[in-house]
Amino acid sequence: MLILVFCLAPVLAGGGGGGHASDIDFPPSLERYDDKHLDGIFEIILFRAKDKPFNLVASLIFFLAIVHTFLSARLLEVSHRWEHDHEDAIDRGEAKRGSVHMGARLLHFLGEVEAIFGIWALALMTAIFAFYDWDTVVHYLSYKVNFTEALFVIAIMTLSSTRPILKLSELMMWRIANWFGGMLIAWWFTILTFGPILGSFITEPAAMTISALLLSQKFYKLNPKESLKYATLALLFVNVSIGGTLTHFAAPPVLMVAGPWKWDLLFMLTNFGWKAVVCIGVVNFVYYRIFREDLQKLQVKYAVVRLGDELRGKYMPSARMLAQFEETEKILENQLHFGERLDDKFEDIKRNIRSTIIKDLVGRDVDLNSPDAQTIFDKVFDEKFSDFKDIKMSGVELFEWAFEARFSEIREAEMGRAIPGLLPKKRRPRYIDPGWNSREDHVPAWMMLIHVLFMVWTVFTAHYPVLFMGGLLFFLGFTSITQHYQNQIDLKVPVLVGFFLGGLVIHGGVQAWWIEPVLGRLGELPLMFGAMVLTAFNDNAAITYLSTLVPNLSPELKIAVVAGAVTGGGLTVIANAPNPAGLTILKGYFDGGVSPVKLLQYALLPTMITFCIFYVLS
């Protein structure tokens with residue numbers, strides 16, 4: 001389908017021309033459409049599609065990208081099956097050792113949710129080029145698409161997933177959870193309630209990252225049943241979307257309207273904030289009642305895990321145990337002479353390999369110490385390696401030098417893979433401790449404070465990429481000198497999420513032609529419901545931004561459109577900007593990845609409850 005779009009775009013363009021950068025009006029401003037005499041929503045959309053055929057192509061590409069997200073789990077399933085079949089083929093000798101199945105790799109890439117909108121952005125760029133020209137493509141990406149939010153999510157996710165911030169968040173949540181017993185259900189309620197509300201103060205992406213990481217540690221690693229996994233993920237998405245509405249600076253959909261409509265902190269608290277808190281409490285309680293038996297069963301498993309953690313931390317410190325293993329290493333060498341025995345084995349391997357190579361080179365086995373070895377090897381080198389005639393080394397010396405160098409290289413590589421501890425310390429490969437991120441080491445308060453200050457700087461400069469990305473680079477330098485207090489910094493996850501959001505805003509920028517008529521011609525209840533539905537297919541910040549372009553919206557309609565946008569923020573991965581961050585952190589706990597259909601299924605109930613509460617209380 002993607003290839004089909006690439007091929008059809010030039011045909012549908014029908015020779016559409018371009019223009020100079022100075023007079024580029026793309027995407028066309030809504031005022032340019034001569035449709036003020038039209039009243040019906042579908043009438044306006046049909047008129048704009050005929051006036052600018054590109055509109056239809058852009059929305060078709062966007063629709064295909066959404067369909068692609070629903071197929072991502074299936075693509076990953078096929079990819080894993082192909083990879084497994086290829087590994088079996090290698091074991092049977094039917095495929096080359098070390099080879100890969102490129103089809104499986106391609107499907108795995110196409111099944112990564114974070115990559116989908118970026119992939120289809122290429123099709124959109126092709127369509128723009130076909131209908132207009134290259135200058136229009138460059139102008140659109142450079143001046144019309146705002147990547148600030150995508151970059152901000154990269155920065156805030158990197159910071160909020162660090163060990164000091166997680167330890168600080170865990171400490172705060174622990175104090176709250178302990179008021180309610182400190183067991184699994186208390187943690188489940190605490191993370192899904194106070195984590196999203198925290199988003200009103202540290203931004204929704206940061207709250208999503210912290211809440212998802214804490215859920216992975218406290219809840220998902222207990223392997224709950226699939227329905228409870230999806231219900232919890234759906235609650236997290238819905239709650240984070242509405243939890244950022246206590247303030248006017250933390251939630252992306254609120255940020256889009258706070259300035260143009262002059263909404264301040266007091267306005268948000270009185271019209272959204274307290275309602276959001278009520279909604280979070282109600283939907284959490286409803287799902288607790290539905291899954292009470294499953295949560296009670298997990299509570300027993302959590303008690304065992306918690307006891308194990310306390311025993312390990314208090315009575316089984318890693319330093320004491322490591323000392324015993326280090327003593328065992330000395331025993332292996334000093335008493336059992338393990339190193340000498342290994343050297344003897346390597347000598348046997350070296351003799352066998354040398355003999356095989358000599359047979360391949362000379363045609364028969366030759367003792368290198370025999371009188372005729374020199375003559376044989378000089379003749380072979382003159383025939384097969386004539387470029388080395390001027391080297392003042394005999395053939396035997398050349399062979400032995402090359403063989404020893406190659407054998408040492410392979411031996412150290414294999415020892416570095418299998419038994420690196422027997423290599424000299426300077427030549428050992430860098431060891432990555434798999435339990436490093438879960439170690440019990442204390443994080444001092446001053447280290448937590450410095451990380452909080454980095455987060456404060458990032459939030460304070462959230463609208464200025466040069467400043468907060470500069471802060472991120474400075475922070476990465478800071479982590480290099482404080483590695484002892486850090487977890488392993490993995491930039492892959494934040495960058496993938498940023499790529500997802502970047503692709504989404506590229507597509508969203510050319511959807512105003514049909515979204516604006518829908519938002520501008522509905523009453524309060526239909527508008528709120530319409531905004532909720534549209535949010536499932538577009539970022540809710542884009543929905544609220546487009547509503548600011550609609551003239552003469554009453555205060556009631558303004559509240560309705562924002563309420564609808566935030567209540568629908570948990571329906572799909574693309575509905576709210578922080579959702580991809582939570583998905584990327586938690587998707588490893590779902591067999592075959594997170595199914596968009598099942599996520600929608602379990603998000604419907606809390607979404608509709610939230611919708612009703614917002615509407616009734618308004």
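The values are calculated or read from the model by the stated rules, or taken from the named source; none is laboratory data. The model shown is predicted, which means the values in this text are computed figures rather than measured ones. In this analysis, Cβ positions are derived from the backbone assuming ideal geometry, glycine residues included, and neighbour counts consider all displayed protein chains. Keep in mind that these areas ignore ligands, DNA and RNA; they rest on the heavy atoms of the full protein, side chains included. Shrake-Rupley method; radii C 1.70, N 1.55, O 1.52, S 1.80 Å.
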Could you tell me whether segment 108-122 includes any residue that is out of contact with any His (no Cβ under 7 Å at 6 or more places or on another chain), within 30 Å of Gly520 (Cβ to Cβ), open to solvent by 50 Å² or more (accessible area, probe 1.4 Å) and of a type in the set (A, V, I, L, M, F, W, C)?
no
Reported set for segment 503-533 where residues are under 30 Å from Leu159 (Cβ atoms), open to solvent by 10 Å² or more (accessible area, probe 1.4 Å) and assigned to a helix (DSSP H, G or I) is Val505, Ile506, Gly508
Suppose we filter Leu546, Leu553 for residues that are surrounded by fewer than 20 Cβ atoms within 10 Å (Cβ to Cβ) and free of Cβ contacts under 8 Å to residues at least 40 places away in the same chain; which single one remains?
Leu553
Whether any residue in segment 256-265 is in a helix (DSSP H, G or I) and within 27 Å of the chain's Cα centre (by Cα) is what I want to check.
yes
Under 9 Å by Cβ, and 6 or more places apart or on different chains, what pairs join a residue from segment 280-303 that is crowded, with 16+ Cβ neighbours inside 10 Å with one that is small (Gly, Ala, Ser)?
Ile280/Gly243; Tyr287/Ala231; Tyr287/Ala234; Phe291/Ser227; Phe291/Ala231
So, first residue over 18 Å from Glu204 (Cα atoms) in segment 456-473, second residue of a type in the set (Phe, Trp, Tyr), Cβ within less than 7 Å, six or more apart or across chains; the pairs are Gly471/Phe454; Gly471/Trp457
Considering only segment 358-380, state which residues are in a helix (DSSP H, G or I) and in contact with a helix residue (DSSP H, G or I) (Cβ under 7 Å, 6 or more places away or on another chain).
Leu361, Val362, Ala373, Gln374, Ile376, Phe377, Asp378, Val380
Set Phe47, Phe26: member being at pLDDT 80 or above and either open to solvent by 100 Å² or more (accessible area, probe 1.4 Å) or more than 21 Å from Lys144 (Cα to Cα) (or both):
Phe47
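Here's the yes/no breakdown for (1) surrounded by fewer than 18 Cβ atoms within 10 Å (Cβ to Cβ); (2) of a type in the set (Val, Ile, Thr); (3) in contact with a Pro (Cβ under 7 Å, 6 or more places away or on another chain):
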{"residue": "Leu76", "(1), (2), (3)": "no, no, no"}
{"residue": "Glu83", "(1), (2), (3)": "yes, no, no"}
{"residue": "Ile90", "(1), (2), (3)": "yes, yes, no"}
{"residue": "Ala127", "(1), (2), (3)": "no, no, no"}
If the Cβ limit is 7 Å and pairs must be 6+ apart or interchain, which residue in segment 495-515 that is within 19 Å of Ala127 (Cβ to Cβ) pairs with which residue that is among the aromatic types (Phe, Trp, Tyr) and surrounded by fewer than 21 Cβ atoms within 10 Å (Cβ to Cβ)?
Gly502/Phe147; Val505/Phe147
Go through segment 216-235 residue by residue and tally those that are under 20 Å from the mean Cα position of the chain (by Cα) and modelled with pLDDT of 95 or more.
6
